[in-house]
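Reading through the C-alpha cells given below for one structure.
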Amino acid sequence: MNREPEALTIQHTEPVTAPWVKASASTSAQGCVQVRVPRVGVIEVGDTKNPDGPTLTVPDADWEHFLIQFTRGDTTGFGRLRAEFLPGGGFTLTDTSTSKSPVLAYTKAELDAFKLGVDAGELRSGDPRGALVGER
C-alpha cells in the first residue's frame with residue numbers, strides 16, 4: 001500500500017528551555033533570525049522582534065537543506081522552508097508543509113546578519129553556536 005508522507009506536526013507538551021541563538025554578526029538586540037533546538041532532531045526558527053510570536057519548527061534535514069540552498073543563493077529549490085526575498089531587501093520565511101504556516105518577516109539588516117551567520121556555520125541544526133539572544 002502506497003501512502004503519501006504526512007507533514008510533520010510538532011506538538012509542544014513541555015516548556016522548551018533550550019536557549020535562542022542568533023548570528024553573532026547581529027548587532028541589534030531586536031530584529032534577528034533566532035533558532036533553537038527544542039528537542040533532538042528538530043530546529044525552531046523565530047524572530048527576536050516578536051519573541052512571543054509564531055515560530056516554525058522543522059526537522060533538522062529540512063533546515064540543513066534550506067541553509068545549503070540559502071548559501072548557494074538558490075531561490076528555486078528551498079524545499080519545505082520557503083524564503084521570499086523582498087524588493088527592498090529582507091525576506092519572509094514560511095513552512096510549505098502546512099497551509100496555515102505563519103510568515104516570519106525579516107529586514108535587510110536581519111538578512112545580512114543571517115547570511116553571515118549561515119556562512120560562518122553558526123546556525124546549523126543540532127547545536128547552533130551563534131550569540132545568545134539578549135546578548136550582543
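Any read-out appearing in this document is the output of simple, stated calculations on the displayed coordinates, not a laboratory observation. As the structure is a computational prediction, the values presented were derived from the model and not from experiment. We place every Cβ from the backbone using ideal geometry, glycine too, and count neighbours over all the protein chains shown.
Amide H contacts under 5 Å for GLN34: GLY46, ASP47, THR48, restricted to partners 5 or more places along the chain or on a different chain, H placed in the peptide plane at 1.01 Å from N. Here the label points at ARG39 and ALA105, each 7 Å from Cα along the C-beta direction, are separated by 3.3 nm in the simple model.
Taken one residue at a time, the phi angles of segment 42-55 give Karplus couplings (6.51, -1.76, 1.60, θ = phi - 60°) of 9, 10, 10, 10, x, 9, 5, 5, 9, x, 9, x, x, 9 Hz. Gly and Pro are set to x. Using the Cα gyration tensor of segment 59-111, with a ≥ b ≥ c the square roots of its eigenvalues, what is the shape: rounded (a/c below 1.5), prolate (a/b larger than b/c) or oblate (neither)? It comes out oblate by the Cα gyration axes. The slack between ALA18 and ASP52, meaning 0.36 nm per residue of separation minus the straight C-alpha distance, is 10.7 nm.
Extension gain for ALA61-ASP74 works out to 3.0 nm (0.36 nm per residue, less the C-alpha to C-alpha distance).
Using the Cβ-Cβ distance between ASP119 and THR96 with R0 set to 25 Å, the FRET efficiency works out to roughly 0.55.
Model label points for LEU86 and ASP127, set 7 angstrom from Cα along the Cα-to-Cβ axis, are 3.5 nm apart.
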